[in-house]
Amino acid sequence: MKEVITIISRKGGTAKTTTAQSIAAALIRSGYKSLLIDLDAQRNLTAATGAKFTGYNITHLLEQSIEAVEAIQNTRNGDIITASPFLAGADLAIKHDTELKQAIKPLLNLYDYIIIDTPPNYGKLTRNALTAATSVIITAQAATFSFQGLEEVKQIIEQMKVINPGLKLRGIVITNYAGRSNKVKQILDDIRTAAAEMGTEVIEPPIRATDKITESQAEKLNIIDYAPRSTAARGYMELTQNIISWT
Amino acid sequence: MASKFEAATMRLEKETQQPEAAAPIGYKVIRESKSFRTSVILRPSTVAGLDEMAAERGIKRNALIADELEKIVIEYYKRKEI
């Protein structure tokens with residue numbers, strides 16, 4: 001196992017799911033074994049991979065009512081442990097921050113990378129994802145209100161380092177980047193400055209907005225395989241080479 | 001036997017005691033044609049039940065919802081005797 005990477009954001013709509021799916025796909029293309037874990041009750045990542053909504057999912061794994069490998073579905077987008085609508089009750093059902101970490105232990109020697117998609121809130125699921133992770137990536141858009149969200153996420157990560165001292169904040173991935181107006185370019189530069197002041201960085205390049213991502217989602221295929229020459233696919237491939245260089 | 005996650009979700013839904021349409025957690029289902037647009041919020045437990053029904057019939061959940069929303073919700077609640 002090289003890395004367990006948790007993707008987080010304080011806001012919805014920052015392409016966490018697309019980023020998780022794309023990184024996993026790019027890792028597979030680069031010759032690595034990767035596993036996706038969907039922790040969001042909305043099940044966007046589950047749907048995006050074309051995985052079945054029925055059968056074993058992450059709730060069964062967290063309850064340890066099955067063997068860990070039984071929770072894995074093989075899809076044309078790679079292997080995934082799917083979410084469940086009953087994750088909505090996770091804050092009541094989960095007692096400890098270490099439950100996910102314990103549950104995925106049997107899988108660590110089966111994969112090079114595990115990528116965890118989280119809900120856009122700071123509940124027990126996100127805490128568990130940060131406890132289980134070796135690295136965390138924040139997704140954000142180059143937008144005015146992103147700054148407030150970034151500082152909140154940074155504070156959350158600092159709190160989690162008490163439980164998981166090895167957790168590394170690797171940086172911020174800018175998604176849905178249009179970059180045509182000077183204002184947006186200025187906001188991106190401001191985010192780079194803010195990231196440096198936070199002790200982290202923007203992981204280059206920003207992922208450009210493209211209709212190809214919407215098209216790929218409709219086809220239940222990741223952008224890397226759907227449109228490998230698109231700006232977004234090339235951006236995610238380059239981002240993934242950065243990730244591979246961590247170890 | 002319900003899993004602890006299912007039990008926790010049902011407890012949350014019951015404690016909020018809100019009608020389905022006002023549930024704080026849920027899936028928004030939108031039905032749209034040339035002349036009308038309606039939406040309804042379904043609770044996670046309802047959606048889980050719909051997934052099971054769709055799997056039993058060998059069709060996709062969205063097709064089930066699009067074509068038979070009222071019938072399926074009534075049938076689901078009858079089945080669970082809620």
Report summary line: Under the helix-only model (-39500 (n - 2.57) for each DSSP H run of 4 or more, divided by the residues of chain A), the mean residue ellipticity at 222 nm, to 500 deg cm²/dmol, is -12000 deg cm²/dmol
Query raised in the report: Picking from A:Ile66, A:Ile28, A:Ile223, which is most flexible by a Gaussian network model of chain A using Cα springs under 10 Å?
Result: A:Ile66
Requested in this report: Please give the FRET efficiency for B:Met53 paired with A:Leu110, using the beta carbon to beta carbon distance and R0 = 45 Å, rounded to the nearest 0.05.
Outcome: 0.85
Query raised in the report: Ranked by accessible surface with a 1.4 Å probe, highest first, in what order do A:Met160, A:Met1 come?
Result: A:Met1, A:Met160
Requested in this report: Return one whole number: the accessible area per residue of region A:21-69 in Å², for a 1.4 Å probe.
Outcome: 37 Å²
Report summary line: GNM on chain A, Cα springs under 10 Å; top mean-square fluctuation among A:Leu92, A:Leu100, A:Leu45 goes to A:Leu92
Query raised in the report: Given H placed on each backbone N at 1.01 Å, which residues far from A:Val173 in sequence or on other chains put an amide H within less than 5 Å of it?
Result: A:Ile138, A:Thr139, A:Ala140, A:Ile203
Requested in this report: Output the relative contact order of region A:94-220, whole-number percent, from Cα pairs under 8 angstrom with separation of 6+ residues.
Outcome: 23 percent
Query raised in the report: In the Gaussian network model of chain A, springs joining C-alpha atoms below 10 Å, which of A:Lys183, A:Lys168, A:Lys33 carries the largest mean-square fluctuation?
Result: A:Lys183
Query raised in the report: What total accessible surface area, summed over both chains, is buried at the interface between chains A and B, computed with a 1.4 Å probe and given in Å² to the nearest 100?
Result: 1600 Å²
Report summary line: In nm, the gap between the two label points placed 7 Å beyond Cα toward Cβ at A:Glu63 and A:Lys168 is 3.7 nm
Report summary line: Between A:Thr54 and A:Thr193, the two model label points (7 Å from Cα along the beta-carbon direction) sit apart by a distance in nm of 5.6 nm
Query raised in the report: For A:Gln102 and A:Lys183, what is the calculated FRET efficiency with R₀ set at 45 Å and r taken between the beta-carbons, to the nearest 0.05?
Result: 0.45
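The values are calculated or read from the model by the stated rules, or taken from the named source; none is laboratory data. Model, not experiment: these values are computed from the prediction. Glycine also receives a Cβ, built like all others from the backbone with ideal geometry; neighbour counts cover every protein chain displayed. Side chains included, ligands, DNA and RNA excluded: accessible areas come from the protein's heavy atoms. Shrake-Rupley method; radii C 1.70, N 1.55, O 1.52, S 1.80 Å.
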